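Single-structure report; data block below.
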């Protein structure tokens, strides 16, 4: 099914709303919600790409689409600014735990 111009813009606006919710979840450190919203956003983008069919848009709709995409990208950049330090911290914790486990295996193989 090919979408008309209004449906295409509505789909982009729904994606924008989701990225806004994702940003708020990241600001609250609500990682479970962020992951769920990210999956929903991914599904909507895939659906949009499958149903869009390269529908040409009028100049007005192209401008609105570009504006929405800029806002989505800005939200994405801010989400990354919030999540990347947290992910680095988590990797350090996990890496430290892994190193500790390896040391225990080497120096205390019997688990005493």
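The values are calculated or read from the model by the stated rules, or taken from the named source; none is laboratory data. The model shown is predicted, which means the values in this text are computed figures rather than measured ones. Neighbour counts run over all protein chains shown; Cβ positions are idealised from the backbone, glycine included.
Key figures
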item: Matching option when the condition is modelled with pLDDT under 90, surrounded by 15 or more Cβ atoms within 10 Å (Cβ to Cβ) and out of contact with any strand residue (DSSP E or B) (no Cβ under 6 Å at 6 or more places or on another chain), among 92, 52; result: 52
item: Where residue 7 falls short, out of the listed (1) surrounded by 12 or more Cβ atoms within 10 Å (Cβ to Cβ); (2) outside any helix (DSSP H, G or I); result: (2)
item: Any pair with Cβ under 6 angstrom, 6 or more apart, that starts in the stretch 75-88 at a residue that is within 10 Å of residue 23 (Cβ to Cβ) and ends at one that is in a helix (DSSP H, G or I); result: 75/19; 75/23; 78/23; 79/22; 79/23; 79/26; 82/26
item: Out of 99, 64, sole residue that is surrounded by 10 or more Cβ atoms within 10 Å (Cβ to Cβ), assigned to a helix (DSSP H, G or I) and modelled with pLDDT under 85; result: 99
item: Filtered residue count, the stretch 13-57, keeping only those that are in a helix (DSSP H, G or I), closer than 29 Å to residue 85 by Cα and without any contact (Cβ under 8 Å) to a residue 60 or more places away in the chain; result: 30
item: Options 33, 29: the member that is on the phi > 0 side of the Ramachandran plot and modelled with pLDDT of 90 or more; result: 29
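The rows are residues; the columns are (1) touching a helix residue (DSSP H, G or I) at 6+ places or on another chain (Cβ under 6 Å); (2) exposed (fewer than 13 other Cβ atoms within 10 Å of the Cβ).
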| site | (1), (2) |
| --- | --- |
| 27 | no, yes |
| 36 | no, no |
| 68 | yes, no |
| 71 | yes, no |
| 81 | no, yes |
| 88 | no, yes |
